[in-house]
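Here the structure is laid out as structure tokens; the discussion comes afterwards.
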Amino acid sequence: MTELTGTAELTRFIVRRDRIRILVWVFAVAGLVALTVVGIKGLYPTQADLDQAAAASQGNAAAIVFNGPAQSLNTVGGEVAFQAGAMGMVVVALMSLLMIGRLTRGEEEAGRLELLRSLPVGSCAPIASASFTVAAMNVAVGVATTLAMLAQHLPAAGSLTLGTSFMLLGLVFGGVALLAAQITENVRVVYGVAGVVLGAAFVVRAVGDIGDGTVSWFSPIGWAQKARPFAGQRWWPFLLLVVATTVLVATASVLAGRRDLGEGLIAPRPGRSCAAPSLGRPIGLAVRLQRGSLTGWSVGVLVAGVGYGSIAPSIDTFVGRNKALADMLARAGGASLTDSYLATSFRTLALIGTGFAIQSALRLRSEETSMRAEAVLATPVSRWRWATSHLTVAFAGSVVLLALAGLAVGLSYGVVGGDLSVVPHLVGDALVYAPAMWLLVGFTVALVGLAPRGAVASWAILTVCLVVGLLGPALGVPRWLQRLSPFERTAQLPAAHLTYMPFMVLIAVAAALTLAGLTGLRRRDIR
Amino acid sequence: MSRAITALGLVKTFGRTRALDGLDLTVETGEVHGFLGPNGAGKTTTIRVLLGLLRADAGEVVMLAGDPWNGAVELHRRLAYVPGEVTLWPTLSGGEVIDLFGRLRGDLDRRRRDELLERFELDPTKKARTYSKGNRQKVGLVTALVSDAELLILDEPTSGLDPLMEAVFQDCIREVKAEGRTVLLSSHILAEVESLCDRVSIIRAGRTEQSGTLDELRHLTRTSIIAETERSAERLADLPGVHSLEIDGTHVRFDVDTAHLDVAVQRLGELGVRSLISHPPTLEELFLRHYGDQLAREHDWVKSDREARPSSAR
């Protein structure tokens, strides 16, 4: 057992170091489930509402693709499992694979593991402590989600089944990441490989659920859903998840015991010997550094956009006589329910895309703190030129994401509804949010230039905009506070008419903030 | 010929820490200038001020006849810099980084690039994240050496390099010097400084302690002498400038201030010298001398170390 010497100490160390991260993940998943229960109870207060929602979802392939098989949708529990189940499982799987990647290969790649291994620590202790920590997080997620559902008086058996399926699915993807971490030398590739497995599991399950459900048996997410929470639960599909986890972890342990520290089973591909012609100016570098991130966000926006758009033609059936849902959409105004729905979708997609915009603008700060900016700024590249090259990606990337959102919503809406002539209009409607996104970029630049230590506060602003934008009316946020969000200030196309005044004001404020930040950046020390 | 670097009375504070406290540094055009000081003495802060990345709170800086803060871009066209800790973008290969920096400076000589890659035995296709510390340092060195900048600023450029690569580096710097270019070399490797530098500045706690040629600095310190004489050397004790005199029969050892070396050697000659080992002060001793409070303890350590292997001290 000397291989495991030090496991307990390492586990304590991880928990201590990552305590905030661990708590945020667990509470985020539990919060997601708890809020879904609240939302469903609010939106479908009567059995008639539930029956109608069930009828609408049952025949809607898009809803099934994104959520899972329609199981007892005429109950609150069934709706919760439908609306929070697949999404919650994806979040738990992401939690596990990101944590495992970070704690195993990430530590190894950074060279910190080498330092630990030189201590009297067993060869399997790092991997064991990471596995214990992530397993404990998944147990915590299972317990917290179960309690969140029980606290709102959902049936005990169903709550326990759904909670358990979150936990077990998280464990499977922890195992996937653990195996991937043995195969490749680079933690980003670990995330990539495990992410592709997760995506495949989701797609296989979606294809199966549209059909008769047979294909879903080839996906771990399918197994979890076959346990039928709130729909006459059955426990034995969980065995498949347990077996899969065991096999993955055992294989990973064997591989870990055979390889050298720092090595993977697959040698990394060599890079280019010479730089491409585009990599010779600051803008070329900025694009090169951010293209991977932009691609990832683009895929996310496209997938979400297709989801929103494909439901749009049947939105009338969905909402029906449901007053709560109709009220939520009516906030956008508009002549028809469909227009209100599309406007709400674009606002949501713009808020998602702003995640990229802020990340991209914060690149200025991360380049500075990693001291890579220092090397670039010691060449004949002015601070202004260096900063604007990264900001060009942030500003233009925002527009690209909005155009993709419009395109995805428009095409899926057009294809399902049988009228593709809506596409150009909808792309235009989505682009209206560009100034709002730029304003948050400008805010981030202002922080980086004038108060660099507080730059991450821009994420807090986005969170406020998200909460106000998505849950504002439900939470009873005062109107004046809602109106502070640039996304609420934007004309809600296609439900409203384009008004130029707020549009221009947003652009002016964004430009002023950006200029202030750039000026600050030119005047302050680079450290 | 003007000076490459003139810095007078530099002051820089970070919060309550006074990183630079009236530091002076002058580097003549065409010289290789050693920049020495213990960790935390302010070497990197000074270099960042020289590059215009930090603005000094007080003092005057002239770099290549310009102001580094307001004329950073113009200045950077004429210099190349290797940071102490070369951090690279993990997804870019070493070759890509070298090309990028070459093009940002606008003067990438492909033949010279390939020649340097060969001399430093650097594989340009490896992704930066897979490089060891030494290899990252080599990437940084090649980006600077490939340019024809008239001033090179190197912040501990050889940390992590093996002795073979250290030799390659020294050759490269000699070539740079032969072309009449200027080098500011911050380093902890005193043998490297001793073999490359025309002049050195020793700083401590944000101030310049000593500056001058190695010979000038040596003059300020002591030479160690071990000798065997026919007659007992007790008469040396009353000479000025003689320290730590030890006499064991006909064997004698002592340190003498370089200024009084002449008289001491004359007196020794009168005693009938049978054997003589004279040992000029190493840069290490010069360096330790300027630690002040640590001086006594560490100087003793150096001495006892030397006594343990007298054959090496020739």
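The values are calculated or read from the model by the stated rules, or taken from the named source; none is laboratory data. This structure is a prediction, so every number in the text was calculated from the model and none was measured. Cβ: placed from backbone, ideal geometry, glycine included. Neighbour counts: every protein chain shown.
Of note:
- Restricting segment A:203-221 to residues that are touching a residue at least 40 places away in the same chain (Cβ under 8 Å) and surrounded by fewer than 20 Cβ atoms within 10 Å (Cβ to Cβ) leaves a set whose member that is nearest to the other protein chains (Cβ to nearest Cβ) is A:I210.
- Qualifying positions in segment A:64-92 - part of a loop (DSSP other than H, G, I, E, B) and in contact with a Gly (Cβ under 9 Å, 6 or more places away or on another chain): A:G68, A:P69, A:A70, A:Q71, A:S72, A:T75
- First in segment A:366-378 and facing chain B (nearest Cβ under 9 Å), second anywhere and surrounded by fewer than 18 Cβ atoms within 10 Å (Cβ to Cβ), Cβ under 8 Å, 6 or more apart: A:S370/B:T87; A:M371/B:E85; A:M371/B:T87; A:R372/B:T87; A:A375/B:T87
- Criterion: at pLDDT below 90, within 30 Å of A:F132 (Cβ to Cβ) and of a type in the set (A, V, I, L, M, F, W, C) - qualifying residue of A:L329, A:L337, A:L261: A:L261
- Of the strands (runs of 3 or more DSSP E) that lie entirely inside segment B:5-95, those containing 1 or more residues that are closer than 24 Å to B:S195 by Cα span B:17-28, B:32-36, B:79-82.
- Test: A:R272 is assigned by TED's automatic domain parsing to the domain that holds A:G418 and either more than 21 Å from A:F346 (Cβ to Cβ) or free of Cβ contacts under 8 Å to residues at least 60 places away in the same chain (or both): no
- Scanning segment A:396-455 for residues that are within 30 Å of A:T519 (Cα to Cα), part of a helix (DSSP H, G or I) and either touching a helix residue (DSSP H, G or I) at 6+ places or on another chain (Cβ under 6 Å) or in contact (Cβ under 8 Å) with a residue 40 or more places away in the chain (or both) yields a total of 26.
- Only one entry of A:R228, A:R234 meets the criterion of being over 25 Å from the mean Cα position of the chain (by Cα), at pLDDT 90 or above, in the same structural domain as A:S96 (by TED's automatic domain parsing) and on the phi < 0 side of the Ramachandran plot, and that entry is A:R234.
- Screening A:L241, A:L198, A:L289 for residues that are in contact (Cβ under 8 Å) with a residue 12 or more places away in the chain and not assigned by TED's automatic domain parsing to the domain that holds A:N74 leaves exactly one candidate, A:L289.
- Index of the failed condition, A:L289 passing every other in (1) farther than 30 Å from A:C124 by Cβ; (2) more than 11 Å from chain B (Cβ to nearest Cβ): (2)
- Given (1) touching a residue at least 24 places away in the same chain (Cβ under 8 Å); (2) within 7 Å of chain A (Cβ to nearest Cβ), number of the condition B:V62 does not satisfy: (2)
- Unique residue being more than 8 Å from chain A (Cβ to nearest Cβ) and in contact (Cβ under 8 Å) with a residue 40 or more places away in the chain when the list is B:V86, B:V82: B:V82
- Residue check: B:M165 meets all listed conditions (1) surrounded by fewer than 21 Cβ atoms within 10 Å (Cβ to Cβ); (2) touching a residue at least 40 places away in the same chain (Cβ under 8 Å); (3) within 8 Å of another protein chain (Cβ to nearest Cβ); (4) under 22 Å from the mean Cα position of the chain (by Cα) but one, namely (3).
- With respect to the conditions (1) more than 7 Å from chain A (Cβ to nearest Cβ); (2) under 23 Å from B:V168 (Cα atoms); (3) of a type in the set (A, V, I, L, M, F, W, C), B:F101 lacks only one, and its number is (1).
Conditions (1) closer than 30 Å to B:N70 by Cα; (2) among the polar types (S, T, N, Q), marked per residue:
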position: A:G320; (1), (2): no, no
position: A:S340; (1), (2): no, yes
position: A:A350; (1), (2): no, no
position: A:A357; (1), (2): no, no
position: A:S360; (1), (2): yes, yes
position: A:R363; (1), (2): yes, no
position: A:M371; (1), (2): yes, no
position: A:E374; (1), (2): yes, no
position: A:S398; (1), (2): no, yes
